[in-house]
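J.: Could you have a look at this structure, given as structure tokens, before my questions?
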2 protein chains.
Amino acid sequence: MDLKKLRYFLVLADELHFARAAARLFIAQPPLSRQIRQLEKELGVELLVRTKRTVKLTAAGEYLRREAAALFAQVAALEGQVKLVGQGTLGQVKIGYVGAVMHTLLPSWLTELGRAYPHIGTVLEELPNQAQVDALRAGRLDLGFVRSPVAGDSLAAVPVLTETFSLVLAAAHPLAAKPDLALADLAGEPFICFSRDCAPAMVDAIFALCRAAGFAPRKAHETSQINTILRLVESGLGWSVVPSGVADGYRLNLRYVELAGSPERAEVSLLYNPALLSPAVRNIVALFTQLAKGEKKGR
Amino acid sequence: MDLKKLRYFLVLADELHFARAAARLFIAQPPLSRQIRQLEKELGVELLVRTKRTVKLTAAGEYLRREAAALFAQVAALEGQVKLVGQGTLGQVKIGYVGAVMHTLLPSWLTELGRAYPHIGTVLEELPNQAQVDALRAGRLDLGFVRSPVAGDSLAAVPVLTETFSLVLAAAHPLAAKPDLALADLAGEPFICFSRDCAPAMVDAIFALCRAAGFAPRKAHETSQINTILRLVESGLGWSVVPSGVADGYRLNLRYVELAGSPERAEVSLLYNPALLSPAVRNIVALFTQLAKGEKKGR
DNA sequence: CCATTATGATACCTCAAAAGTATTAATAAG
DNA sequence: CTTATTAATACTTTTGAGGTATCATAATGG
């Protein structure tokens, strides 16, 4: 069964007159007669009763007429949707992210994404840096928000957020009350450290900050999740240094001291695989690059 | 977009190899390449990335592959269903009936219909005789259960039920207590009559019964619904004669006396329009004719 | 009742497009 | 550097869809 034959049948079912239907289809009457008979032969069913100079649909014809119309609607919808996928305005995009960005730019950027491309769906997954890099290479992920720079060759990176670091300390800690609290004050205190495996560049930057303050931190605990670091700090188990942005995200009993004086910065980049660049991902990268420019200007 | 091209694409998307896909489609490789490129041109979208000796689907290709598979499933289902409609095992049939048969054979016959043809749906409508005849002629109805015989030329009738008549009287009526109650006893009493317009043959038979008993009934009230007749009789407004079958249907305070002695009979026929005979209706007529034979043998 | 008209079917021809064959270009592998 | 693999290209063949002319049949009008 061919869509052309079905289209012919639909017009004929509408006109119930071979010559008029053929005219509407811009073909002559005999080919129409033939196509319809072929369709009937294929289906093994009479679709029309041709009698007494008048053409009438059989029960099977009525049924086909009703259902075929629905089928054509679906085909048309499918064609349109494939075009939209090709243009990158329809689709599903898998996005990975490090936990911290959920407290900074991700929610508002996803809102913008929904506004700009309402028919693009997202699958979101919080993942450590390296897992995202692997997933992007393998095509299991379309986009990643990672702590940059990453070693990833073959992956493209767009810096989207640059943050200062902040010293963080339990509000209940004896030193928290000190007005001009600085990094050097914590030289002897236990340090809660982000895992170097997950974001080496960021950890290196934090250690560089300490070195500039004249000491090497005493590493007491290590974890790969910002949330865990802050909970440990709040519990009085030590102090830490985190990107300043997370201060807004978690409402805990903590004292933050921004370390804006030093040149060290924590950077988040948007990562994607240029070899597997779908139109939707291309559009999103463009949108997010634009948003990143706005953020920088906005500050 | 053509189903043939779509089928080619589906196989290619499955194989991701032009030569193998072409072999599976029993065509040579160049025509397949051409058809796929035509499909891409029609849709205005790249469906495949042909690079590095390896073929890969784009996002649009992935989308089309998924949706096209569903589309083919629908087309196959449609083809099957049209065939079933042609065979008369799928469809919807409009059935009219006079009220009385709802208390005799209709419920059990519809159960049998559901068992024999589970995919045939029915639209049931209680209608007087003449309305059914008109609707059958106009094609608004496929089948009718009527009091026969009917004047209807051009309609085919199959007798399906022959009933004796029963005299009916309110249980509270003075005469109801009489043990050997007969028609002649009611000569002077007011008679509740079925409308002759609706089923002339049946009313004529009832009057013939009275004439045989030696009197002409004194018509007090007239209605076209059995239910109304029985209610009026129960209220003591008069007596009537009805087909015996209805005695089982209505549980009212009535006394029935079967008039089996006379040759008069009430007959129900299955009526249909042979000019508009769909396969489903043909099957149902055959089934019901069979059931009617069983009923007759069963008695 | 016959001539006329309307309508779908049939016979035959034409042509476009789909499929086939041979070959090429490009790339990966040894 | 050669060989093998794979899709694309050029060209030919074949199929089948569409066109024209005509026929058969049934409704319509005088």
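The values are calculated or read from the model by the stated rules, or taken from the named source; none is laboratory data. The structure presented is a predicted model; accordingly, all values stated were derived computationally and were not measured. Don't worry about glycine lacking a Cβ; one is built from the backbone with ideal geometry, like all the others, and counts go over all protein chains shown.
J.: In this structure, is residue A:130 surrounded by fewer than 21 Cβ atoms within 10 Å (Cβ to Cβ) and closer than 30 Å to residue A:149 by Cβ?
T.: Yes, satisfied.
J.: State all residues of region A:225-271 that are among the aliphatic types (A, V, I, L, M), modelled with pLDDT under 90 and in a helix (DSSP H, G or I); if no residue qualifies, say none.
T.: A:226, A:246, A:247
J.: Which members of region A:26-43 meet the condition of being over 18 Å from residue A:3 (Cβ atoms) and among the hydrophobic types (A, V, I, L, M, F, W, C)?
T.: Scanning region A:26-43 gives a single hit, A:28.
J.: Which count do you get for residues in region B:35-88 that are under 28 Å from residue A:274 (Cα atoms), of a type outside the set (D, E, K, R) and free of Cβ contacts under 8 Å to residues at least 12 places away in the same chain?
T.: 5
J.: For region A:30-85, which residues satisfy the criterion of being β-branched (Val, Ile, Thr), at the interface with another protein chain (Cβ under 9 Å from one of its Cβ atoms) and within 11 Å of DNA strand C (Cβ to nearest atom)?
T.: Within region A:30-85, none qualify.
J.: Something else about it: Within region A:182-213, how many residues turn out to be farther than 23 Å from residue A:224 by Cβ and in a loop (DSSP other than H, G, I, E, B)?
T.: Of the residues in region A:182-213, 4 are farther than 23 Å from residue A:224 by Cβ and in a loop (DSSP other than H, G, I, E, B).
J.: Could you figure out which of (1) within 10 Å of DNA strand D (Cβ to nearest atom); (2) surrounded by 15 or more Cβ atoms within 10 Å (Cβ to Cβ); (3) of a type in the set (A, V, I, L, M) isn't true of residue A:28?
T.: Only one criterion in (1) within 10 Å of DNA strand D (Cβ to nearest atom); (2) surrounded by 15 or more Cβ atoms within 10 Å (Cβ to Cβ); (3) of a type in the set (A, V, I, L, M) is unmet by residue A:28, namely (2).
J.: How many residues does region B:250-296 hold that are under 24 Å from the mean Cα position of the chain (by Cα) and among the charged types (D, E, K, R)?
T.: Matching residues across region B:250-296 total 5.
J.: Give the residue that is farthest from the other protein chains (Cβ to nearest Cβ), with candidates limited to residues of region B:1-29 that are of a type in the set (Gly, Ala, Ser) and touching a residue at least 12 places away in the same chain (Cβ under 8 Å).
T.: B:21
J.: Can you confirm whether region B:48-63 contains a residue that is within 16 Å of DNA strand D (Cβ to nearest atom), touching a Leu at 6+ places or on another chain (Cβ under 6 Å), among the β-branched types (Val, Ile, Thr) and part of a helix (DSSP H, G or I)?
T.: Looking for residues that are within 16 Å of DNA strand D (Cβ to nearest atom), touching a Leu at 6+ places or on another chain (Cβ under 6 Å), among the β-branched types (Val, Ile, Thr) and part of a helix (DSSP H, G or I), one finds none in region B:48-63, hence no.
J.: For residue A:100, indicate whether it is small (Gly, Ala, Ser), assigned to a helix (DSSP H, G or I), farther than 30 Å from residue A:137 by Cβ and away from chain B (no Cβ under 14 Å).
T.: Spelling it out, it is not the case that residue A:100 is small (Gly, Ala, Ser), assigned to a helix (DSSP H, G or I), farther than 30 Å from residue A:137 by Cβ and away from chain B (no Cβ under 14 Å).
J.: Separate question: Could you pull out the residue among A:279, A:274 that is under 18 Å from residue A:136 (Cβ atoms) and buried (at least 18 other Cβ atoms within 10 Å of the Cβ)?
T.: None of the others qualify; the one that does is A:279.
J.: Evaluate the following for residue B:150: is it buried (at least 21 other Cβ atoms within 10 Å of the Cβ), within 24 Å of residue B:263 (Cβ to Cβ) and under 34 Å from the mean Cα position of the chain (by Cα)?
T.: It is false that residue B:150 is buried (at least 21 other Cβ atoms within 10 Å of the Cβ), within 24 Å of residue B:263 (Cβ to Cβ) and under 34 Å from the mean Cα position of the chain (by Cα).
J.: Tell me whether region B:49-57 contains one or more residues that are buried (at least 21 other Cβ atoms within 10 Å of the Cβ) and either closer than 25 Å to residue A:79 by Cα or touching a helix residue (DSSP H, G or I) at 6+ places or on another chain (Cβ under 8 Å) (or both).
T.: Looking through region B:49-57, none of the residues is buried (at least 21 other Cβ atoms within 10 Å of the Cβ) and either closer than 25 Å to residue A:79 by Cα or touching a helix residue (DSSP H, G or I) at 6+ places or on another chain (Cβ under 8 Å) (or both).
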